[in-house]
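Each remark here refers to the structure printed beneath this line.
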């Protein structure tokens, strides 16, 4: 059974800092990995999708990497802003999962001015 | 572009009452659709998924059920709600690159 762990559980940084969120998964036979953002009381917003054959994806100030063999992914946020404050969720889809995702518990990020 | 709708946005129901949550997707055809639940202090749990009209797969035994009466409509139901059914219910669809996109969610409180 796939298990996804996110570290740290919470992170508080000053504005402008570069930061890294970590995600690890137990079964390396994944189809893809997706990072989401969730604001309080809201649905999930897709940030980045990395297919199993890819090593990284970039969107603006966000960069996600994938090391399938070691079961790890990182989300790098450059020059953090207060508007980046949210919960960040990592989710993996198994090889024959019809898109079913296994989620981590999330990292609560607070960027203070 | 594709859009996913959920309603109602919030719902407060007594224990033992029925439930019907609706999800619709616009701008795509024959999508895979999913119901997830996010309970307080817990991660997101997949409840049901559907690959087509009338095709429902259940991931977790419970007193909830799902139906897909139309291509872009996905409904979550219960005949009698339990306190433990409280949570944030999220509908999602999968695009051709296999990314999942979520709706705005329904906050259900069972009293």
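The values are calculated or read from the model by the stated rules, or taken from the named source; none is laboratory data. What you are looking at is a predicted structure, and each value in this text was computed from that prediction instead of being measured. When we count neighbours, we look across all protein chains shown, and the Cβ atoms used for this are built from the backbone with ideal geometry, even at glycine.
Please specify each residue of the range A:98-113 satisfying the condition of being within 13 Å of another protein chain (Cβ to nearest Cβ), surrounded by fewer than 18 Cβ atoms within 10 Å (Cβ to Cβ) and either in contact (Cβ under 8 Å) with a residue 24 or more places away in the chain or closer than 12 Å to residue A:10 by Cα (or both).
Our first condition is that a residue be within 13 Å of another protein chain (Cβ to nearest Cβ); within the range A:98-113, this holds for A:98-108.
Then keep just the ones that are surrounded by fewer than 18 Cβ atoms within 10 Å (Cβ to Cβ); that gives A:98, A:105, A:108.
Once the filter is applied, which keeps residues that are within 13 Å of another protein chain (Cβ to nearest Cβ), surrounded by fewer than 18 Cβ atoms within 10 Å (Cβ to Cβ) and either in contact (Cβ under 8 Å) with a residue 24 or more places away in the chain or closer than 12 Å to residue A:10 by Cα (or both), the range A:98-113 yields A:105, A:108.
Could you check, for the range B:54-73, whether at least one of its residues is buried (at least 19 other Cβ atoms within 10 Å of the Cβ) and within 12 Å of another protein chain (Cβ to nearest Cβ)? Give the derivation first.
Step one: of the range B:54-73, the residues buried (at least 19 other Cβ atoms within 10 Å of the Cβ) are B:64, B:66, B:68, B:72.
Still in the running and within 12 Å of another protein chain (Cβ to nearest Cβ): none.
Checked against the condition, which is being buried (at least 19 other Cβ atoms within 10 Å of the Cβ) and within 12 Å of another protein chain (Cβ to nearest Cβ), the range B:54-73 yields no hits at all.
Mind listing whichever residues of the range B:30-45 are surrounded by fewer than 21 Cβ atoms within 10 Å (Cβ to Cβ) and either part of a loop (DSSP other than H, G, I, E, B) or without any contact (Cβ under 8 Å) to a residue 40 or more places away in the chain (or both)?
B:30, B:39, B:40, B:41, B:42, B:43, B:45
So, in the range A:34-62, of the ones that are more than 14 Å from chain B (Cβ to nearest Cβ) and exposed (fewer than 15 other Cβ atoms within 10 Å of the Cβ), which residue ends up nearest to residue A:14 (Cα to Cα)? Walk me through how you get there before you give the answer.
The first filter runs over the range A:34-62 and keeps only residues more than 14 Å from chain B (Cβ to nearest Cβ), leaving A:55-56, A:58, A:60-62.
Now drop any that are not exposed (fewer than 15 other Cβ atoms within 10 Å of the Cβ), which leaves A:55-56, A:58, A:60-61.
Numbers: A:55: 29, A:56: 26, A:58: 23, A:60: 20, A:61: 16 Å.
Filtering the range A:34-62 for residues that are more than 14 Å from chain B (Cβ to nearest Cβ) and exposed (fewer than 15 other Cβ atoms within 10 Å of the Cβ), the one nearest to residue A:14 (Cα to Cα) comes out as A:61.
Output the residue which, of all residues in the range B:90-105 that are farther than 15 Å from residue A:91 by Cβ and within 7 Å of chain A (Cβ to nearest Cβ), is farthest from the chain's Cα centre (by Cα).
Restricting to residues being farther than 15 Å from residue A:91 by Cβ and within 7 Å of chain A (Cβ to nearest Cβ), the top hit is B:104.
If only one of A:65, A:80 is in contact with a strand residue (DSSP E or B) (Cβ under 6 Å, 6 or more places away or on another chain), in a strand (DSSP E or B) and either more than 10 Å from chain B (Cβ to nearest Cβ) or modelled with pLDDT of 95 or more (or both), which one is it? Quick ask: steps written out before the conclusion?
Details: A:80 fails: in a strand (DSSP E or B).
So the residue among A:65, A:80 that is in contact with a strand residue (DSSP E or B) (Cβ under 6 Å, 6 or more places away or on another chain), in a strand (DSSP E or B) and either more than 10 Å from chain B (Cβ to nearest Cβ) or modelled with pLDDT of 95 or more (or both) is A:65.
Taking the conditions exactly as written (within 14 Å of chain B (Cβ to nearest Cβ), touching a residue at least 60 places away in the same chain (Cβ under 8 Å) and under 19 Å from residue A:10 (Cβ atoms)), does residue A:30 satisfy them or not?
Values: within 14 Å of chain B (Cβ to nearest Cβ): yes; touching a residue at least 60 places away in the same chain (Cβ under 8 Å): yes; under 19 Å from residue A:10 (Cβ atoms): no.
In short, no.
Tell me yes or no: at least one residue of the range B:78-88 is part of a strand (DSSP E or B), surrounded by 15 or more Cβ atoms within 10 Å (Cβ to Cβ) and within 12 Å of chain A (Cβ to nearest Cβ).
Filtering the range B:78-88 for residues part of a strand (DSSP E or B) gives B:78, B:87-88.
In the following step, the residues that additionally are surrounded by 15 or more Cβ atoms within 10 Å (Cβ to Cβ) were identified as B:78, B:87-88.
So of that shortlist, the ones also within 12 Å of chain A (Cβ to nearest Cβ) come out as B:88.
Yes, there is a match, as at least one residue in the range B:78-88 is part of a strand (DSSP E or B), surrounded by 15 or more Cβ atoms within 10 Å (Cβ to Cβ) and within 12 Å of chain A (Cβ to nearest Cβ).
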